[in-house]
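Chemist: Let me give you the structure first, and then I'll get to my questions.
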Amino acid sequence: MTHDHDLVLRPTEAQRAAALAPPPGRTGGDLVVETLCSLGANTVFGLPGQRALALFDAVGRSDLRFVGLRTENNAGFAADAYGRMTGEAVPLLLSAGPAALMALPALAEAAAASAPVVAISAQVPVAGLGGGRRGHLSELRDQSASFREVVKSVHSARTPSQIPSVIAEAWESALTAPPGPVYVEIPEDVLRDETVIPQVTGVDATPHELAPRPELTAVAAHWLENAARPVIIAGGGVIRSDAAGKLRLLAERVNAPVVTTYGGKGAFPWTHPLSLQSWLEDRHTTDFLEDADVLLVVGSGLGELSSNHHTFFPTGRVVQIEADLGKLESNHAALGIHADARLALQALLETVSEREDPTAPERVRLLLADIAARPADQDAAQERELLTSIRAALPPRSPSFWDMTALSYRAWSAFDPKHPNTMHSAQGAGGPGYAFPAALGAAVAEPGTPVLAVSGDGGAMYAIAELATAVQHALDVTWLIVDDGGTGTEPTRPDFVALAASFGVPATTTTPQSLRTDLTQALKTPGPSLVLLPTPPT
């Protein structure tokens, strides 16, 4: 018989010694850092501010790598990309008031893309909380309220002893499927004041697994193996759960063509005989999907972009596997399976029988031929040529990050990412300025791997200050700026090449004809570089 006291984890001798004689001069900020280190963090992003100085001082005393950016929003984008690339929770450290609010657009994108960012923000001293107007610098009536409808969960620590548990709770929330950003709030005096609490050494924050219900996967398997024209839509959930291999096995077993959403690009091999690629905004694809008698949707809510702007209306049976309960059957009636994509696909592989269909590859080939034969205007033709040059220059396993610009919109459909989790954009929330700071975060996550950022001239202006960050940390990011004059809006903009040079960043002006060569050279050059493509070429 097991008794409760038998389950208590007993401290080691080292833990006992540390508890009896904690180092002097430790603060609440040190408790935050110790907790993060205990949870496995090794890198933090952020921007120091007055209310959070005790937190940043503690980071400086630790082994954590601090990557400071020039605005809080850009720091949030960098943390978002680090989380996407590693699948790990990543701390974003913020000061109070306007500094914290500056990160909201980045956290909105992280929420849309299910990136596990743990935003830890300072607050005014405890005495200034509760809605009173004491006149503190950076005082807000309810700072956490601004985050509550953006992030996955909100947490607060009001005393030093609460800090380890609160951060562990937030960490677990950020990583549990569906992952996403969380917000932690700690008052300045709690961060600043000395504490006698022992060093934090044993914190656990294991995310919960979200397994499918077996009676649902049994029905889905029966439908798939008996379908006449099954099709699979693979979304970002396949990428986040590292389930691309299982998706391919299932598609091949039931001979189902696969189309990936823009967030799911790379989830299925681009040139596979069953690959419909990512032409979701083409009516030929929409018709093909509508004709499916069984449509398996994995890791997608079938939102605006994934449904050809809500013009897609399935006529057959729909099975939707989705970890975000709010997205389950939110747009189309379906056999809804609330589960992590990897676990659900594994359950299907354990139950579904092989389905023969020699016609499936031919139907895929004909569809892609119809899409390719569609007349294209001159701008679209040039964009496809540019994407061909970019793909040829970019190493197959190098990540690319795309801003909200015309070339990116074309890339969503036409660009072959080569591998899972190597193509990202801000199409989840649609915010500009994402590409370059996100690419910096990816370069931190994958040192030694060249990273590409693609922006228009308008989006580049949101992130231009981060050239200083790229130089400071010697990050291996090539920034391709397509200077199209704001697509007809004609904003005033700088000489990007001269501006990059002023930061000590190698920069060159290219043409559509020399783009492949210039971009290849830039990607091979260690550290940051900039390639400017005026369109039409000058």
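The values are calculated or read from the model by the stated rules, or taken from the named source; none is laboratory data. Computed from a prediction, not measured in an experiment: that's the story for all the values here. So basically every Cβ, Gly included, is an ideal-geometry build from the backbone, and we count neighbours across all protein chains shown. What goes into the accessible areas is simple: the full protein's heavy atoms, side chains included, and nothing from ligands, DNA or RNA. Shrake-Rupley method; radii C 1.70, N 1.55, O 1.52, S 1.80 Å.
Chemist: In the stretch 87-122, what residues are over 20 Å from GLU169 (Cα atoms), over 10 Å from the mean Cα position of the chain (by Cα) and not small (Gly, Ala, Ser)?
Modeler: If the condition is that a residue be over 20 Å from GLU169 (Cα atoms), over 10 Å from the mean Cα position of the chain (by Cα) and not small (Gly, Ala, Ser), then PRO98, LEU101, MET102, LEU104, PRO105 are the ones that fit.
Chemist: Would you pick out the residues in the stretch 472-485 that are at pLDDT 95 or above and either closer than 19 Å to TYR82 by Cβ or in a loop (DSSP other than H, G, I, E, B) (or both)? First the steps, then the outcome.
Modeler: Here is the first cut: in the stretch 472-485, the ones at pLDDT 95 or above are 472-482.
GLN472, HIS473, ALA474, LEU475, ASP476, VAL477, THR478, TRP479 - these are the residues of the stretch 472-485 that are at pLDDT 95 or above and either closer than 19 Å to TYR82 by Cβ or in a loop (DSSP other than H, G, I, E, B) (or both).
Chemist: In the stretch 161-192, what residues are closer than 26 Å to PRO207 by Cβ, more than 18 Å from the chain's Cα centre (by Cα) and part of a helix (DSSP H, G or I)?
Modeler: Residues of the stretch 161-192 closer than 26 Å to PRO207 by Cβ: 161-186.
Still in the list and also more than 18 Å from the chain's Cα centre (by Cα): 161-169, 184-186.
Selection gives SER161, GLN162, ILE163, PRO164, SER165, VAL166, ILE167, ALA168, GLU169.
Chemist: Ok, one more. Where in the stretch 276-363 are there strands (runs of 3 or more DSSP E), lying wholly inside it, with at least 2 residues that are free of Cβ contacts under 8 Å to residues at least 60 places away in the same chain?
Modeler: On the way: elements: 294-298, 317-322, 335-338.
Correct list: 317-322.
Chemist: Using beta carbons and a limit of 7 Å, which pairs, at least six apart or on different chains, have the first residue in the stretch 41-59 and assigned to a loop (DSSP other than H, G, I, E, B) and the second one open to solvent by 20 Å² or more (accessible area, probe 1.4 Å) and basic (Lys, Arg)?
Modeler: Correct list of pairs: ASN42/ARG65.
Chemist: Something else about it: Looking at ALA108, ALA79, ALA75, ALA127 in this structure, which one is modelled with pLDDT of 95 or more and either out of contact with any strand residue (DSSP E or B) (no Cβ under 6 Å at 6 or more places or on another chain) or in a loop (DSSP other than H, G, I, E, B) (or both)?
Modeler: Every option except ALA108 fails the conditions.
Chemist: Considering only residues that are touching a helix residue (DSSP H, G or I) at 6+ places or on another chain (Cβ under 6 Å), within 12 Å of GLY299 (Cα to Cα) and among the hydrophobic types (A, V, I, L, M, F, W, C), look in the stretch 324-356 and name the one that is surrounded by the most Cβ atoms within 10 Å (Cβ to Cβ).
Modeler: ALA341
Chemist: Among the listed residues GLY87, GLY60, which satisfies the condition of being more than 22 Å from ALA115 (Cβ to Cβ) and open to solvent by 10 Å² or more (accessible area, probe 1.4 Å)?
Modeler: On the way: GLY87 fails: more than 22 Å from ALA115 (Cβ to Cβ).
Result of the check over GLY87, GLY60: GLY60.
Chemist: Which residue, of THR206, THR201, is without any contact (Cβ under 8 Å) to a residue 40 or more places away in the chain, in a loop (DSSP other than H, G, I, E, B) and surrounded by fewer than 24 Cβ atoms within 10 Å (Cβ to Cβ)? Explain how you work it out, then say what you get.
Modeler: Numbers: THR201 fails: without any contact (Cβ under 8 Å) to a residue 40 or more places away in the chain.
Checking each option against the conditions leaves just THR206.
Chemist: Looking at the structure I just gave you, is GLY458 closer than 20 Å to VAL531 by Cβ, modelled with pLDDT under 95 and out of contact with any Cys (no Cβ under 6 Å at 6 or more places or on another chain)? Show your work before the answer.
Modeler: On the way: closer than 20 Å to VAL531 by Cβ: yes; modelled with pLDDT under 95: yes; out of contact with any Cys (no Cβ under 6 Å at 6 or more places or on another chain): yes.
For GLY458, the condition - closer than 20 Å to VAL531 by Cβ, modelled with pLDDT under 95 and out of contact with any Cys (no Cβ under 6 Å at 6 or more places or on another chain) - is met.
Chemist: Moving on to the next point. So, in the stretch 410-442, exactly how many residues are part of a helix (DSSP H, G or I), aliphatic (A, V, I, L, M) and open to solvent by 10 Å² or more (accessible area, probe 1.4 Å)? Walk me through how you get there before you give the answer.
Modeler: To start, the set of residues in the stretch 410-442 that are part of a helix (DSSP H, G or I) comprises 410-414, 435-442.
From what is left, the residues that are aliphatic (A, V, I, L, M) are 411, 414, 435, 438-440, 442.
Now restrict to residues that are open to solvent by 10 Å² or more (accessible area, probe 1.4 Å): 414.
The total comes to 1.
Chemist: Another one. Scan the stretch 280-290 for residues that are in contact with a strand residue (DSSP E or B) (Cβ under 8 Å, 6 or more places away or on another chain) and closer than 25 Å to GLU225 by Cβ and report the count.
Modeler: Residues of the stretch 280-290 in contact with a strand residue (DSSP E or B) (Cβ under 8 Å, 6 or more places away or on another chain): 280, 285, 288-289.
Next, from what is left, pick out any that are closer than 25 Å to GLU225 by Cβ: 285, 288-289.
Within the stretch 280-290, residues that are in contact with a strand residue (DSSP E or B) (Cβ under 8 Å, 6 or more places away or on another chain) and closer than 25 Å to GLU225 by Cβ number 3.
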